[in-house]
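Novice: Got a structure for you, written out below as C-alpha cells; questions coming shortly.
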C-alpha cells in the first residue's frame, strides 16, 4: 500500500484547506489505534487567523503552527503536558508581533511554543550587524531577538500517512525567509511520528537559494515547564565544557543543571555547553523531574548542531516557569561575535544544511534511568570542564 | 428568570462565534422594546477581520470592538451621533497599526473610537523610560503614544441579558496586556446598559497577574465631535485646578472650556484638570452644545480616576474636529515625569484596580440644565484655581 | 444598454463580497470573447487574507490587489508573462510588512508587483524629513522606502462593464493614505481595458482632503523580467537628459539602456531621465527584447509625470532579475532634496492631481518597430544630453 498524502496549503498553486481531518477510518491505516491528523483555523484574540495542525499518534498528541514558521506549539504524552505556560494566550499570529518593538525584543510577544526555531539569518540579538543595503553599501543593520523565521507563515504544508507494520504520520512544510536584497532561505521541515511512539522527529533542510554563499544560524528553542520542570528537576547534557553566559549566570554555575521551585524575582540565567556525541555525532539532553520518573529528552547531532544553550527561567508559574534546551549551530550571541569566533555556518550557493532533532518523553523510572545511562556513557568520552567565569570564547566580554 | 448568557469568544476554550444576534424574540426579555445585541466580523479596507458588537437598548445604540481592546467605537442616542469622524475609515485592525512608526505616534493611525483606553503599562509618550530587559538589566525602553491596550484583541468576550423590570444588556471582555518579561495585566471589562436608558456603564477591573507590584496608568480617551461639539459648545468640569499643558495651550487658558467653529490650521491644545467629586468621590464632565439643549456627559470617580485631561482639537471637520474628555489615573505625560510627581499607581502582586465610567447623553434643555446644576453644586465644594501658565507639577518644563 | 456595475467593497456601507465573477454569460456583453472579471480571497502563507481581482479581456489577463493599494500584480498577454519573479511568494498581506524594519527598507519585504505605486506623502527614502508632530512642533520624521500607499488596503472597490462596439472592463478603487495629524490623501484609481486589447489603462486621481495645501510625491514602480528582459534587451526612452544616480551607476552610463544576462553579485543601478513628450505631453518608455519582437511599453504624460527613473537590477533569476520603468512626479530621492530642487508637487486644499499611465504589450516585430519609430520621432524634439557623472540637480552629492 503506497503512502497517502494531502496538500493542505500551497501558495503558488492557490491550494488551501480551511479544515482537514484524517484517521483510521479515512485511510484504512492503523485501525487499532485512535490516531488523527486535523487542521483548523483558530479564531479570536491574538490567535485569530492562525493555521493549526493537531497530530495524535495514539499516545503522543502535539500541535504544529504553519502560521508561525512550523513551530511545535504544545504536546501531551499519555497525560503529561509537553511545553510551557507563557503569559500570553497563543499561538500568536505574527501580525501581532513587531520584532523591532521593546528595543528589539518584540519577538517575545509571540513566544509561547514548546519548540520554536531561531534564525535563519541570525539567532542572537538584539544588536547591530553590518550588512549590504539595496545599493550594496554595507550599513548598520539592526538584528532583533532570535531572527525572523518563527514569524513567517509556511507557504506549503502537506500531510502524509505511511502505512506499514508501524505506520508513520508526517507533516511537511516550507517556510521562506527571503526577500529582495536579503538572504533567501527555504526551510523544508518534515515532522514525523510513529503510531504509539513517544518520539517526534523533526528533520529540517535549509536551502540557500542564492547564487552566493550565505551565512546562516539556527537554534532550536525547546521549552518545558511542569510536570518535567519542578523543584529538584535536573538537566543532563553530556559535555566537554559548561560556561556561564555572564556574571549573573556565574553565581549559580555550580548548580546550573538543578532547578528550584518557582521563584519571584528570578532573572533568567543562560549556560553554554559543548555537548559530546557518540562516534556518529549523536547526542542528547534530558530534563528529568525530581523523582526521576518523568523526563523530556531532546536528541540531536553535534555534527549538525554542535552548540547547546540552557535557558533557566524559573520565575513564578504565571510568569513563565520554564527552561530551554537549545541545540544550535552556534550560541545565540550577537552575530558579529559568533562570526568572530568562527561559529557562523556558511551554506554554499544553492546548498542545503540539514539539521535533525527529536523530542522524546519518558514517563517511567526505568525509561528515565535508561536515558541517564546513555548520557553517562557519552560523558565517558570526554572530561567536562566547568568554567566558573564567562569565557571570552563564548561570551562577548 | 435567571440571566441569559452567551460566550462569543474564548481563546483558551477555542470558542468563537462569527455571527451572533439576540433580541426580544430570542430571549423573551423586554418584549416591548426593539433591543438587540449583534456580533459580526467586518471586511475590507483597514477593518478587515475586526470583530464588531452592536448593542441597541432601544434608545441608545453603540458599537464595541473586541479586536481593539474592547473600545467603544461609536454610538447614537435617539438620532444624536456619539463619537467623532476621524480621517480614517475604521475601526482599524491592530495589524495595520505599528506603534513605533511616526516617531512613536503610530497609535494615531488606528485612533477613531469614541472611547478608547490608553495604558496599561503607560499612557503618555512617546518618550523613553528605564525598564528591565530580559536579563533584568535596566535599559532604555521606548514608550509609544498612549500604550498598547487599544491594539490588543480581547481573548474572551461574552454577552449577558439580565431580565427584570428594567432588563440590562451586558457585554464582558478580557484583554491581556501581557508578555514574557513585561507587566502582565488582565483588563476585565463589563459594559452595560438598561433598556431605554441614555447611559452606558463601563466597569473595568485591571488585574496585576504578576508576583510583584506593578506600576500602571490608565486614561479613558473619550472623544466627541458634532452635534455636541460646535461653535459655542462648552466643557464643564467641577475642578479645583485647571492648567495648560504648554505655552501653546496657555494662550487660550481663559477660554479653554469654550469651543470655536472648525478652524483650519488649529493645533491641538490640552488642559489638565483636578476634578472635584462629591463625598463619595463621584464626579463628571459635560460637553454641551451652544444652545444648551444637547450634551454628552462622562461620569467617573475621583477616587479611581483623580486626573482629567481636556483635548481640544478643533481643526477642520474632515481632519477631525473633536474634543477629548479624559478621566485618568494620572495625566498623559511621559511616565518618568508622572512617576516623579507620585501619580503613577501601583497594583500589588495579584491585586486589582477598579475604574468605572459612564457615558450619558442628554437631548433636552431640561436634562442638560439638570446636569449643569449638578456640576455647579460640586463646584461649590472647592474653589477653582486657573493657572495661566504651565505648572511644574503638571507639565515637564 | 447602460453600463453594468457592482460594488465589491465599501467599508463605510459595510459592503464586501468574498467571491465575485462576471463574464459574457452574466452580462450579455462581449459574447464572442472569453472575458471575465473575478474576485477571490487568497489563503495561506504571506498571502493569507489578500483580496485578489483577476481581469481577462480575452487577450490580456492581469491581477489587481485591493489589499495592496490597488497595485497590478502580474499579467499575461497572449502567453507573455508580464511582471517579475520576486524572491517572495506574494502578493504579500501588508500585515507582514513592517516599513521601519531593515533600517527603513521594510517595504521590500512586500514588493513583488508588476506595477506598484510609491507615495503619496513621499516616494524616496529611507531618510529623515522635518514635519509637524501632533503638537504642531516640527520634528524629525523618519521616511521609509517608497512611502505607505502600497501597503494600504482599498476602502472601496467596484467593477464596471461598459457595453458597446468594443466593451470596456473597469475596476475602480479608493485607497486612503490618511490619519490624524498626517496628510489626508484619497487615491481614486480607475483601471480599464478594452476587450481583446493589448493595453491596460490606469487613471489615478489623488485628492488632498485637507484644508491646507499638501506636498505630494508619486512614482509608478513598473517592473518587468523575462521574457521582455533578457541579455540584449533594451530600454528606449525619448529624453533630453540621462544621468546616473551615483558613481556606481556612472560606471555603466554608456550602456545604461542595454541589459546583460542575469549576473551573480550585480548591484542595482539607477538612472534619471527627463523624458520628452509630444505637443500634448504624451511620452512613453519601451523595454524590448533582444530580437526586437516583443516589448512592454509604459505610456505617460510628462505634464503629469515629468521625471522617469530606470531601475536596473539584473541579478540572478532567482534573486529578482528585473528592471523598473518608473514615471513619477519627481525622482525617488529623499524628499528634502527633491523639495530643494523644486520637484515636490503641491496639491491645493481640496484639490486633485491626475496621473494616467498605460501598460502596453507588443508581441510582433512590426508592433515593436512601430513603437520604436514613435520614440524616435519624439526624440527628434530634443537633443539628449547624457551626463557621465551624477548631477547636483538630480542626486544629493
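Novice: Give, as residue ranges, the strands (runs of 3 or more DSSP E) completely inside the stretch A:226-279 that count at least 2 residues that are away from every other protein chain (no Cβ under 14 Å) and in contact (Cβ under 8 Å) with a residue 60 or more places away in the chain.
Specialist: A:234-236, A:239-244
Novice: Further, regarding this structure: Suppose we keep only residues that are more than 14 Å from chain B (Cβ to nearest Cβ) and in a loop (DSSP other than H, G, I, E, B) within the stretch A:33-51. Which one would you say is surrounded by the fewest Cβ atoms within 10 Å (Cβ to Cβ)?
Specialist: Step by step, filter the stretch A:33-51, then rank; the result is A:34.
Novice: Give just the number: which of (1) under 30 Å from residue B:186 (Cα atoms); (2) touching a helix residue (DSSP H, G or I) at 6+ places or on another chain (Cβ under 8 Å); (3) at pLDDT 95 or above; (4) surrounded by fewer than 21 Cβ atoms within 10 Å (Cβ to Cβ) does residue A:278 not satisfy?
Specialist: That leaves (1) as the condition not met.
Novice: A further question on this structure: Could you tell me whether any residue of the stretch B:172-182 is in contact with a helix residue (DSSP H, G or I) (Cβ under 8 Å, 6 or more places away or on another chain), part of a loop (DSSP other than H, G, I, E, B) and more than 30 Å from residue A:244 (Cβ to Cβ)?
Specialist: Among the residues of the stretch B:172-182, not one is in contact with a helix residue (DSSP H, G or I) (Cβ under 8 Å, 6 or more places away or on another chain), part of a loop (DSSP other than H, G, I, E, B) and more than 30 Å from residue A:244 (Cβ to Cβ), which makes the answer no.
Novice: Sticking with this structure for a sec: Restricting the search to the stretch B:1-37, which residues are without any contact (Cβ under 8 Å) to a residue 60 or more places away in the chain and closer than 18 Å to residue A:43 by Cα?
Specialist: Residues satisfying the conditions are B:13, B:14, B:15, B:16, B:17, B:18, B:19.
Novice: I'd like the full set of residues that are more than 7 Å from every other protein chain (Cβ to nearest Cβ), over 14 Å from residue B:151 (Cα atoms) and in a loop (DSSP other than H, G, I, E, B), limited to the stretch B:106-136.
Specialist: B:114, B:124, B:125, B:126
Novice: Would you point out which residue out of A:76, A:51 is closer than 28 Å to residue C:101 by Cβ and touching a strand residue (DSSP E or B) at 6+ places or on another chain (Cβ under 9 Å)?
Specialist: Every option except A:51 fails the conditions.
Novice: While we're here: Report, by residue number, each residue of the stretch A:14-32 that is more than 27 Å from the chain's Cα centre (by Cα) and either assigned to a strand (DSSP E or B) or within 12 Å of another protein chain (Cβ to nearest Cβ) (or both).
Specialist: The answer is A:14, A:15.
Novice: Against the definition (surrounded by fewer than 19 Cβ atoms within 10 Å (Cβ to Cβ) and over 17 Å from residue B:162 (Cα atoms)), how does residue B:78 come out, yes or no?
Specialist: yes
Novice: Considering only the stretch A:165-190, state which residues are free of Cβ contacts under 8 Å to residues at least 40 places away in the same chain and more than 23 Å from the chain's Cα centre (by Cα).
Specialist: A:165, A:166, A:179
Novice: For the stretch A:212-225, give me the residue count where each residue is buried (at least 19 other Cβ atoms within 10 Å of the Cβ) and at the interface with chain C (Cβ under 10 Å from one of its Cβ atoms).
Specialist: Residues meeting the conditions: 0.
Novice: A further question follows. Can you pull out every residue in the stretch B:76-91 that is assigned to a strand (DSSP E or B) and under 17 Å from the mean Cα position of the chain (by Cα)?
Specialist: Those that are assigned to a strand (DSSP E or B) and under 17 Å from the mean Cα position of the chain (by Cα): B:76, B:81, B:82.
Novice: Conditions first: (1) in contact (Cβ under 8 Å) with a residue 24 or more places away in the chain; (2) within 17 Å of residue C:339 (Cα to Cα); (3) not in a loop (DSSP other than H, G, I, E, B). Residue C:141 passes all but one, so which condition is the exception?
Specialist: (1)
Novice: Looking only at strands (runs of 3 or more DSSP E) that lie completely in the stretch A:286-397, which have at least 1 residues being surrounded by fewer than 15 Cβ atoms within 10 Å (Cβ to Cβ) and more than 14 Å from chain B (Cβ to nearest Cβ)?
Specialist: Qualifying strands (runs of 3 or more DSSP E): A:345-347, A:352-362.
Novice: Then there's this: On the basis of being more than 9 Å from every other protein chain (Cβ to nearest Cβ), over 30 Å from residue B:132 (Cβ atoms) and assigned to a helix (DSSP H, G or I), does residue A:54 make the cut?
Specialist: Against the criterion (more than 9 Å from every other protein chain (Cβ to nearest Cβ), over 30 Å from residue B:132 (Cβ atoms) and assigned to a helix (DSSP H, G or I)), residue A:54 does not qualify.
Novice: Identify the single condition in (1) within 19 Å of residue A:156 (Cα to Cα); (2) in contact with a helix residue (DSSP H, G or I) (Cβ under 7 Å, 6 or more places away or on another chain) that residue A:63 does not satisfy, given that it satisfies every other one.
Specialist: Of everything listed in (1) within 19 Å of residue A:156 (Cα to Cα); (2) in contact with a helix residue (DSSP H, G or I) (Cβ under 7 Å, 6 or more places away or on another chain), residue A:63 misses just condition (2).
Novice: Please go through the stretch B:58-105 and pick out each residue that is more than 22 Å from residue B:44 (Cβ to Cβ), at the interface with chain C (Cβ under 10 Å from one of its Cβ atoms) and in contact (Cβ under 8 Å) with a residue 12 or more places away in the chain.
Specialist: B:100, B:103, B:104, B:105
Novice: Would you check if there is a residue in the stretch B:104-118 being in contact with a strand residue (DSSP E or B) (Cβ under 8 Å, 6 or more places away or on another chain), under 28 Å from residue C:180 (Cα atoms) and either modelled with pLDDT under 95 or surrounded by fewer than 22 Cβ atoms within 10 Å (Cβ to Cβ) (or both)?
Specialist: Yes, the stretch B:104-118 contains a residue that is in contact with a strand residue (DSSP E or B) (Cβ under 8 Å, 6 or more places away or on another chain), under 28 Å from residue C:180 (Cα atoms) and either modelled with pLDDT under 95 or surrounded by fewer than 22 Cβ atoms within 10 Å (Cβ to Cβ) (or both).
Novice: Out of curiosity, is residue A:73 out of contact with any helix residue (DSSP H, G or I) (no Cβ under 6 Å at 6 or more places or on another chain), modelled with pLDDT of 95 or more and outside any strand (DSSP E or B)?
Specialist: Here the answer is no, as residue A:73 does not meet what is asked.
Novice: Let me ask something additional. Out of B:193, B:186, B:172, report the one residue that is crowded, with 23+ Cβ neighbours inside 10 Å and either at pLDDT 95 or above or under 24 Å from residue B:310 (Cβ atoms) (or both).
Specialist: B:193
Novice: Tell me which residues, restricted to the stretch C:144-162, are within 13 Å of chain B (Cβ to nearest Cβ), within 23 Å of residue C:40 (Cβ to Cβ) and part of a strand (DSSP E or B).
Specialist: C:156, C:157, C:158
The values are calculated or read from the model by the stated rules, or taken from the named source; none is laboratory data. This structure is a prediction, so every number in the text was calculated from the model and none was measured. Reconstructed Cβ throughout: ideal geometry from the backbone, glycine too, with neighbour counts over all protein chains shown.
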